[in-house]
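The values are calculated or read from the model by the stated rules, or taken from the named source; none is laboratory data. What you see is a predicted model; the values in this text were computed from it and never measured. For neighbour counting, all protein chains shown are included, and Cβ atoms are generated from backbone atoms with ideal geometry for every residue, glycine included.
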Amino acid sequence: MESPELIPPREETAKRFAQVRTLFIGLLTTWKTTLLLIFLVSYCWLERFWRDPVMRFTCPLLFFALSLPILGYYNFSFTQLFRKRKESLRH
């Protein structure tokens, strides 16, 4: 017997590959900021950003700013996220 909640393995695999493909295409279309993000991560790692209080704030802020184009590619909106959360807390 199959449960209606379970997704058949082939459909689940196809869905997973579609998500990975969408992410890969999104990274390619925003390649400039993705490249900057990779360089920033490697620089912060080599400089041990967690030892310097200024870098501890600056690096995550830059990570967030450079991740906005890929979030924009997915049509992600923080305002909609906060509205949904606010509505779910009311009920």
Query - Condition check for Pro69: on the phi < 0 side of the Ramachandran plot, without any contact (Cβ under 8 Å) to a residue 12 or more places away in the chain and not small (Gly, Ala, Ser) - result: no
**Report entry** Which numbered condition Met55 misses (of (1) touching a helix residue (DSSP H, G or I) at 6+ places or on another chain (Cβ under 7 Å); (2) at pLDDT 80 or above)
**Finding:** (2)
**Report entry** region 24-53, subset in a helix (DSSP H, G or I) and among the basic types (Lys, Arg), residue surrounded by the fewest Cβ atoms within 10 Å (Cβ to Cβ)
**Finding:** Arg51
Requested in this report: Restricting attention to region 70-84, report how many residues are surrounded by 10 or more Cβ atoms within 10 Å (Cβ to Cβ) and not in a loop (DSSP other than H, G, I, E, B).
Outcome: 9
Query raised in the report: Looking at region 17-31, is at least one residue more than 21 Å from the chain's Cα centre (by Cα) and of a type outside the set (A, V, I, L, M)?
Result: no
Query - Cβ pairs under 9 Å, 6+ apart, first in region 31-47 and farther than 13 Å from Ala65 by Cα, second surrounded by 15 or more Cβ atoms within 10 Å (Cβ to Cβ) and modelled with pLDDT under 80 - result: Tyr43/Phe49; Cys44/Met55; Glu47/Met55
